[in-house]
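All remarks here apply to the structure that follows.
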Amino acid sequence: MFAATLLCQVLLATAAFAVPTSKERFAQRVARRAGGLSRQTLPKQLIATGATTLATNVSHVEYSSNWAGAVISESSATWKTVTGTFTVPTPKEPSGSSGAHYASAWVGIDGDTCDNAILQTGVDFNVNGNSVSFDAWYEWYPDYAYDFSGISFSAGDSVTVTVTASSKTGGTATITNVSTGKTVSHTFSGQPSLCEYDAEWIVEDFSSGGGLVPFANFGTVTFTGASATTNSGSSVGPSGSTLIDIEQSGKVLTSVSTTSSTVTVSYV
């Protein structure tokens, strides 16, 4: 009986040490930033001519070194809200690569035809060997991204991301882990002016230290319930939007498709 009790206590203690506390997770995020990974989205970096290697899209797309997804650009639309829901994937190191790799899924306003500012929020997917982690963040470019605290994710969680521009210089970024019921939000004010021309659903190879981070194999991210609302209250889906694929070193790494309410981005 004593031996069984002792074994139980040892197992519980081992499990406790294996699961990071909220303070430890926060410290890990701080260390990630302090270690030089100051996350920042750049406006879409357009590539004039797309390569064909590994490309699987059958429709015309634009090619970018850092963005994959769908963008609705309307200079007269004045986008106010963009939202979408996706399932957190399990990122992997690309075949033949090792070490830390990253990808990010987000929704935003501006950064395509207007690159003065970007209002956005999303989730980073991080992988290094057998270690996988996720970070929720908000950003008003040209400032860097900031991590949300008080929310966590596991692969398979359903997440809703939403940005709302209350004005050209203020708004909110909100993330809900639908699977756990936890919601976090940040309110912006006095920011560089948006144009409100572009509404976006994006998987990104983000920037840190002046260059793109190694891009993870994120599998597939599908934004469902994808919609954008104008200041007049009219709402549209991504069907007919401009599609963007990531091209790096002469290879197309993603494949994008849309329906009236979804944007699907796959690593190929």
Query raised in the report: Where a Cα-Cα gap under 22 Å defines reach, which lysines qualify for Lys80, not counting those fewer than 8 residues away within the same chain?
Result: Lys44, Lys168
Query raised in the report: For Phe148, which sequence-distant residues (separation of 5 or more, or a different chain) have an amide H within less than 5 Å of its own amide H, given hydrogens modelled in the peptide plane?
Result: Ala136, Trp137, Tyr138
Report summary line: So for the stretch 36-267, using the alpha carbon gyration tensor with a ≥ b ≥ c as root eigenvalues (a/c under 1.5 gives rounded; past that, a/b versus b/c decides prolate or oblate), I'd call it rounded
Report summary line: Checked the stretch 55-166 with the C-alpha gyration tensor, a ≥ b ≥ c its square-rooted eigenvalues, rounded below a/c of 1.5, otherwise prolate if a/b is larger than b/c and oblate if not; verdict oblate
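Tell me whether the stretch 186-268 comes out rounded, prolate or oblate; compute the Cα gyration tensor, take square roots of the eigenvalues as a ≥ b ≥ c, and use a/c under 1.5 as the rounded threshold. Show your work: numbers first, answer last.
Values: a/c = 2.31, a/b = 1.25, b/c = 1.85.
Because a/c hits 1.5 or more and a/b fails to exceed b/c, the stretch 186-268 counts as oblate.
Please report the net charge: other residues with Cβ closer than 12 Å to the Cβ of Phe188, K and R +1, D and E -1. Kindly include the intermediate steps, with their values, before the conclusion.
Details: positive: Lys168; negative: Glu139, Asp143.
Charge balance near Phe188 sits at -1.
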Query - In sequence order, calculated HN-Hα J values of the stretch 71-86 (Karplus, 6.51, -1.76, 1.60; Hz; x Gly/Pro) - result: 9, 9, 10, 9, 5, 10, 7, 6, 5, 10, 9, 10, 9, x, 10, 9
Query raised in the report: Where a Cα-Cα gap under 23 Å defines reach, which lysines qualify for Lys182, not counting those fewer than 8 residues away within the same chain?
Result: Lys23
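FYI, it's all coordinate maths here, none of it is from the lab. Every value quoted in this text rests on a predicted model; they were computed, and no experiment measured them. Note that we place each Cβ from the backbone using ideal geometry, even for glycine, and neighbour counts take in every protein chain shown.
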